[in-house]
Ligand SMILES: C[S@@+](CC[C@H](N)C(=O)[O-])C[C@H]1O[C@@H](n2cnc3c(N)ncnc32)[C@H](O)[C@@H]1O
């Protein structure tokens, strides 16, 4: 647009936030997206991109400051692509997440959010240092995180949202990066078990002095792997680490999914327990990962089938069944879209289907079969409101959406997790 030239500064008023937490200013109806700004603020903005239908800019000076602005406690916030709403008061961020969820449900699912019980976002006990998993990138002896939407590395000394043990590790590993060939380091940690896993991605062999250096005086490191050509090779210690959720113990392999915010995951799964009652006997847990939900809801009166596509996740799930002495649960390694037709053909009676898909949501054919199986309840856990909305659109002909609760699983970022309860009409 002619009015907004790249590289020039303009004074703009922020009227609202978009679904990525960026402030939006408008000139007539033309939107300008400005990260790190909040509604009500007057900002001097440098335009970084000017297109026919929109522009983007960066704040140069805050002229009027929102009461919802919060102090930034990270040196890398403006450069890093990790957190994006650290500048926003926590409670205001929670309200934004609920509002975003409602808007996206309407936009992509045509869901009448005024008629549905949508609860306030459940806050996380830990706002900082909550992540039990992180992947640091390594380049030219520097280690850190990527810049927003880029592969430019920011060399960091610590990260405010990862477990504190990862920051201690970061200080030690910096001494060993020269000529190591390492391109990525993934760290996983069991908060209740104090067990840590380290995964080095490299095509070169890992020098013994690195293993010795990082394990010396660090008994938390229980397992070290090398990831090479998509294969995990154990270099040190145990093959797995463990974590507890709601007093059950879970074994975690290097490539198995596990919720990144342990305590918040417990709150989410307590809600799953609340939604299932004593009449619910036959339950299908789709996208089950290492079997967490199946195991938490299991009892000797219920038959549960868990399905996940990842081989190691199902191997973990079967061991987790034994560790927790659980009966009546069967885990299947298969694509959900292949399992549902078999269940349909077998005419299997189901009371509840639990769905916890990846960000891409549920495929069309699986949704079609769920609409034919018609269990009396569906419990849908989602980390992506856009695909949730799309899938609920397909399900709402046969189901009433009884309640949706957003969860702050990823504090200081715009991301929102949610759980929806659907009951057959
Ligand atoms: C968000 S995770 C949920 C895991 C589990 N419910 C939990 O809370 O630990 C999604 C899971 O879906 C699995 N997955 C992805 N696509 C799949 C598919 N087409 N069929 C079966 N599982 C799939 C992934 O391996 C991952 O474990």
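Taking the range 287-307, which residues are within 18 Å of residue 326 (Cβ to Cβ) and either assigned to a helix (DSSP H, G or I) or touching a residue at least 40 places away in the same chain (Cβ under 8 Å) (or both)?
Just the residues of the range 287-307 that are within 18 Å of residue 326 (Cβ to Cβ), to begin with: 288-307.
If the condition is that a residue be within 18 Å of residue 326 (Cβ to Cβ) and either assigned to a helix (DSSP H, G or I) or touching a residue at least 40 places away in the same chain (Cβ under 8 Å) (or both), then 288, 289, 290, 291, 292, 293, 294, 295, 296, 297 are the ones that fit.
Can you tell me which of 338, 318 is away from the ligand (no atom under 11 Å from the Cβ) and either in a helix (DSSP H, G or I) or at positive phi (or both)?
Values: 338 fails: away from the ligand (no atom under 11 Å from the Cβ).
Only one candidate qualifies: 318.
Confirm whether residue 252 is within 13 Å of the ligand (Cβ to nearest atom) and either more than 19 Å from the chain's Cα centre (by Cα) or under 22 Å from residue 126 (Cβ atoms) (or both).
Working: within 13 Å of the ligand (Cβ to nearest atom): yes; either more than 19 Å from the chain's Cα centre (by Cα) or under 22 Å from residue 126 (Cβ atoms) (or both): yes.
Yes: the conditions hold for residue 252.
Out of all the residues in the range 353-380, which are assigned to a strand (DSSP E or B), in contact (Cβ under 8 Å) with a residue 60 or more places away in the chain and within 14 Å of the ligand (Cβ to nearest atom)? Full working, then the answer.
Within the range 353-380, the subset assigned to a strand (DSSP E or B) is 353-355, 377-380.
Retained after the next criterion (residues that are in contact (Cβ under 8 Å) with a residue 60 or more places away in the chain): 353-355, 377, 379.
Of everything in the range 353-380, those that are assigned to a strand (DSSP E or B), in contact (Cβ under 8 Å) with a residue 60 or more places away in the chain and within 14 Å of the ligand (Cβ to nearest atom) turn out to be 353, 354, 355, 379.
Readers should treat all values here as calculations from the given coordinates under stated rules, not as data from a laboratory. The model shown is predicted, which means the values in this text are computed figures rather than measured ones. Note that each Cβ is placed from the backbone with ideal geometry, even for glycine, and that neighbours are counted across all protein chains shown.
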